[in-house]
1. What number of residues in segment 51-98 are of a type in the set (D, E, K, R) and touching an Asp or Glu at 6+ places or on another chain (Cβ under 7 Å)?
2. Might you check whether a residue that is away from ligand 2 (no atom under 14 Å from the Cβ) and closer than 16 Å to Ala201 by Cβ occurs anywhere in segment 14-31?
3. Name the single residue, out of those in segment 26-57 being among the basic types (Lys, Arg) and within 15 Å of the chain's Cα centre (by Cα), that is surrounded by the most Cβ atoms within 10 Å (Cβ to Cβ).
4. Tally the residues that are within 16 Å of ligand 2 (Cβ to nearest atom), out of contact with any helix residue (DSSP H, G or I) (no Cβ under 7 Å at 6 or more places or on another chain) and under 15 Å from Pro166 (Cα atoms), restricting the search to segment 57-102.
5. Of the residues that make up segment 94-105, is at least one at pLDDT 95 or above and among the β-branched types (Val, Ile, Thr)?
6. Which of (1) within 16 Å of ligand 1 (Cβ to nearest atom); (2) over 23 Å from Ile34 (Cα atoms) does Ala183 not meet, given it meets every other one?
7. For segment 116-228, list the helices (runs of 4 or more DSSP H) that sit wholly inside it and hold at least 3 residues that are touching a Lys or Arg at 6+ places or on another chain (Cβ under 7 Å); which are they?
8. What single numbered condition from (1) part of a helix (DSSP H, G or I); (2) surrounded by fewer than 20 Cβ atoms within 10 Å (Cβ to Cβ) fails to hold for Tyr97?
Amino acid sequence: MSEAGPILHLEGVRRVFAQAGERLEVLRGIDLAIRPGEMVALVGPSGSGKSTLLHLAGLLERPDEGEVRVAGEATSRLNDDRRTGLRRSTIGFVYQYHHLLPEFSALENVVIPQMIAGVARRKASMRAEELLSKVGLARRASHRPAQLSGGEQQRVAVARALANAPRLLLADEPTGNLDHHHADEAFALLQDLVRAAGVGALIATHNLELAGRMDRTLVLDDGRVKAG
Ligand code: ADP
Ligand code: MG
């Protein structure tokens, strides 16, 4: 594992969907690298392949061609168990919709991924409390997702994404469901936490103002990325 190299590196990544006999070439040769501590915006029109790219980067899907390297490790030849292990140990996700477990409290939603990773409950609870307090939700820890506002739910999702101290954070329009004020607030918290942890982050967003607050912008257009 090369510590100095990119935390995420895509080389010649192609993704083709076949739908009703039509070939849809969504990604036509993507090359990009995200270094530790760097926050990079991924922008592009709806349907340009942002989510597809993030799924490949997050090892949730495999490209048709090309290589996805995570923490220096080439993943194309890894079996599903190794890919899952690398994902759990290295990558955190924030989605547009929070995807919190509705039956569990905010605290438990941040504890559970740590316990799946083998952390003892007590230690996991302490870390969850610390993270919830960093996103301003110390007093909401026992609330279930339905008892929280959209902005609060998304802040819990940010805490959950960082629960296992990932080195790479992937976010798919993390503030897309929030109004301007709450989007701003959730993004500022995400940015603070990512910066403090030195995590590399690739964040798809429609919001060009938020993109402008990141270190650089990649524009996805016609299946390729361009520097914005
Ligand atoms: P974005 O996130 O930029 O809006 P997506 O990555 O979701 O774009 O989708 C890119 C294109 O790929 C769209 O035309 C979408 O319909 C198509 N697509 C995405 N996933 C699939 C799939 N599993 N099967 C077929 N087509 C898909
Ligand atoms: Mg999308």
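1. 1
2. No, that holds for no residue.
3. The residue in question is Lys50.
4. 1
5. no
6. Result: Ala183 passes all but (1).
7. Of the helices (runs of 4 or more DSSP H) lying wholly inside segment 116-228, those with at least 3 residues that are touching a Lys or Arg at 6+ places or on another chain (Cβ under 7 Å) span 180-197.
8. (1)
The values are calculated or read from the model by the stated rules, or taken from the named source; none is laboratory data. For clarity, every value in this text was computed on a predicted model and none was experimentally measured. Because the Cβ atoms are built from the backbone with ideal geometry, glycine has one as well, and the counts that use them run over all protein chains shown.
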